Amino acid sequence: MVRIIPIICKKFPTLDFIIGGDGAKKIILEEMAEQEQLQDRIEFLGAVPHSNVRDVLTRVGFSLFFVSGSLYYLLSILSLCNRATYFSIVR
């Protein structure tokens, strides 16, 4: 994600990112956003409580998930989606 987000932002100037989670990659993504001057295009939500996931998903046109964790958790998130959803499981 660190390499692809700047490329996507250049190619699609009206596309913004909403990133949830407090995992190890968050710091790397925040540093990338600062280096590439994309702070106004990337919103970092931090940890999103299960009860708020649906509210976040209704804000987006499509969802892209990079999940490090259980497949069960991913499937529970996907069950809340009512739009195009793409995901990648990372370890």
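Summary table below
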quantity: Long-range HN-HN contacts of Ile18 with modeled amide H, under 5 Å; calculated: Glu43
quantity: Difference of contour (0.36 nm per residue) and Cα-Cα distance, Asn52 to Arg3; calculated: 14.8 nm
quantity: Approximate spin-label separation Glu36-Ile18, in nm, with each point projected 7 Å along Cα-to-Cβ; calculated: 2.0
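No value in this document is a laboratory result; all are computed from the given coordinates. In this text, all values refer to a predicted model and were calculated from it rather than measured experimentally. Ideal geometry is used to build each Cβ from the backbone, glycine not excepted, and the neighbour counts take in all protein chains shown.
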